[in-house]
Structure formats: structure tokens, C-alpha cells
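Working notes for the structure below.
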Amino acid sequence: MGFLRSSFGSLRIKLLMLSIGTSLILGLVLGATWLFFQINVAQTEAGIRNNETRRQIQSILEDELDEEHMKGLKGAKHEQTMQSAAEHIERAFFHDKAIVYAEFTDSKGRVLASKVPKLVGTLNSDSHEIERVVRNNKAIVETYALDKRGDVFGKKTEVKTINPFDGRQLVQEYTAPIAFDGKIHLVLHIYFSLDRLTANISRLMSLATLIGFGIALFGGMFSFFVLDRLIYRPITRLGEVAERITSGDVNQRAQVVGDDEFSDLTRRFNSMADSLTFARFQADTDSLTGLFNYRHLQNHLVAQIALAGRYDRELTVAMFDIDHFKNVNDLYGHQTGDAVLVMAVEYVESQLRQVDYMARYGGEEFVIIMPETGAQAAIKVMERIRTGFPQHVYVERMGIKNPIFISIGVADYPHCGRDATNLLAASDLAMLLAKRRGRNQISYSRTLDQQQSS
């Protein structure tokens, strides 16, 4: 039983690991799917916000720097109008936390407005100053400045594609050149911070991890419960029934539940148990009388002695032999002799209790085991059987009934023997004494002991 429990315990652990592993993979897949969907939503929302900012800036530029209006402006008026537009945009947007860096330059590269106040009034040609400011701004991971010819300088990094999972802040660059008279008069550079997006992504990743492990935990427990019910328990039940059959309870059968592979396996198992029971029955049964044979008698008597010893109960064994049975075979034939044996068994069994046990000891000798019965009570039962035997067991020829008689030996536990071998030997000796005394009588084992000692 320990081996079976160990094996089943190992199976249950394997089922648990399989359930958790499968659910973990499923949870991670579902969590990752949900995460990428949420990231896409967050990126879309961030893009919408930034596009709205750009649209508003473009609207201001179109209103304040109308091309027809600008054509009529010269000198100071022209510069004043551009400066006014730059300041308007600066007041409206440069203080937005979503914009990490922004500048407004005129056609000569002079900075009209900047997120970094010290750069206002400087020229793009002074690229090292802009580059220094840009490089020292940790919020900016990639940006660049344009000179008046549109050439790039002050570039911070060569990276163009930024991985949203590497933990860096992101910026989104937007450049808006303002041209009229066929010339670029103003260039607006804006770098939108995506730190809110990356924060959302980090939060979503943590949430996705919790979701994944939550699905793995609850899904694993649920799938383990299902597998335990559908696989482990049926196998355990089969194992327990097999163990009981092995222990000697050959009438045990497994309950068939459902109509699947396990129910089919259970039916096959029960069929195998039936075949085993029948084979064991044949091995333990006398084919002529249907009684248990000597091999089964030995095992049964050992078990009965153990019970009697454990619970301090009485136990008596009686052995009887059909008198002159050889003459029956010689005079009437073996077929008649077999019929006499069957008649003898039917009559004696009719006189016994259900708890009593009868077996064929060999030839014309039989053994009766009477649990919870003392020697005196057993002798009374056997005397009743002896006196009634000739009326029920006989050979009839030409209307004449030739009665059959028996000699009986009785031995009880523990007075006549404490194990199966000695108890059977004591009853056998008592039966031999009954035969020596003239047959058709009962002898108790201790009577023989007294005779041998005298």
C-alpha cells in the first residue's frame, strides 16, 4: 500500500506541476496580449494629445503670421510680429509639462523663444551651447537643432527607434517651419515628453504581471482540481481496490463512473478481477463437492485462530471420515462413491450455521471449523449430525437403503493446539481414535491424550 500511495503522491505532484505550468503559460500569454493592447491604447492617447497641441500651435501661427499680412510688413514691424507670435506660443505651450524642450527661431537662426530662457536671443550657429543644454537634459533622449540652412547639428544620439520597455523616457520631436515669400522665416522645434506614457507602460507591465500570475494561480488550482477529479481519483480508486484484492478480498470491485476511457479501464479492471476471482475459486475449490480444498482450509484456519486469540474467543475444529468408503467404491463403483460424497456434504452443510466453515480435507475426509464455539457445544452439534447421517446419506439398491456412517474427531483452541497444524493434527488423531473404537462415534482430542499418556 505504501508503494501505491507513493506512486499516486508522485502523480498528484506531477499533475499539480502540469496544471500550474500550463496555467502560467496561459496567464503570461493573456497578460502579454492585454499589455500590448493597453500599450497601443496609451500610445494612441499620447499621440492624440500631442497632435492636438500641434494643431493648436499651427492654428496660432496661421492666425498671427498670415502670409498676406506678413508681406506688407518690413523691418521692425516684421520682427515685432514674429516675436509676438513666438511669445504667444511660449506662454501657451512652453510651460506644458508634456513639452520637455522647445525653441522658436527666425530665419537667421536667432532664438525668439525657448524652454531654456538662457538660449533666447542666441543664434543656432552657436551650436555648442544648444548641444550642451540638450545633452544635459535627462528628460530628452533624442533631439536635434537645425541651423538656418536646415542642416542638423547638436544631435544627442543616433538612436531613432526607442524601445518602450527599456525604462528610458521618450520624447516625440515636432518641427514646424514657417515660410512665406518663398523663404523660411521661422522654425518651431518642440519635443514632447512621453514620460507619462512610459509611466503608464510600467504600470501596465506590473498589472499584466499580476494578471498573469493571478491567472496562473487560480487557473492552476482549478485545472489541478479538474485533473485530480478526472485522473488522479479514478486511478487511486483502482489502486485501492487492487490493494484490497491483493490482500485477499477478491470480491472487491471498482465503481464504474461515466462513459470515458477511465470507465472503460475500470470495466476491464473489474473483468480482470472477475477472472482472477474465478481462477482463485477454482484453485481453492474442490470440483466435485464445491467445498473449499485443503489449501484454502489452511489459510482460513490460520485467520480464525488469529481472531480467536486476539478477541479471546472459543474455536473448535471437527474432522469426520466416511466409514468403509472404500467398500462403497469397490461394491458400487466410483460414480456411486462420488454421489455419496455429494449427499454427505449437502446434509452436513444443512446442519451448520452460516458462520461455520466446511472443507474437503482429502478423499472421504472433511473438516468443519466452528468459530465462537467450545468443545462441548461442538460435540453436541456433531452428535446430531452423526445420528442423522445414515437417514440422509445412503446407497439405494433394489429399493433397499444401505446407510452410511461417519467417525468424528473434535479438537478445540487453545487446549488441543495453538496453530493450524497442531489443531488439525489433534482433530485427525481424535478421528483415528473414534475409528479404532469401532467407528460411527465421536472422540475428543484430549481423550486421546489421556489414553496415550496412560
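Coordinate-derived values only; no laboratory data. Model, not experiment: these values are computed from the prediction. As a convention, Cβ positions derive from the backbone with ideal geometry for all residues, glycine included, and neighbour counts pool all protein chains shown.
Quick notes
- Going from the fewest other Cβ atoms within 10 Å to the most, the residues S263, S247 appear in the order S247, S263.
- For the pair L331 and R437, a Förster radius of 30 Å applied to the C-beta separation gives a FRET efficiency near 0.75, rounded to the nearest 0.05.
- When each of Y361, Y413, Y311, Y394 is scored by the number of other beta-carbon atoms lying within 10 Å, the sequence from fewest to most is Y311, Y394, Y361, Y413.
- The distance between label points at D312 and M221 comes to 5.3 nm (points 7 Å beyond Cα on the Cα→Cβ vector).
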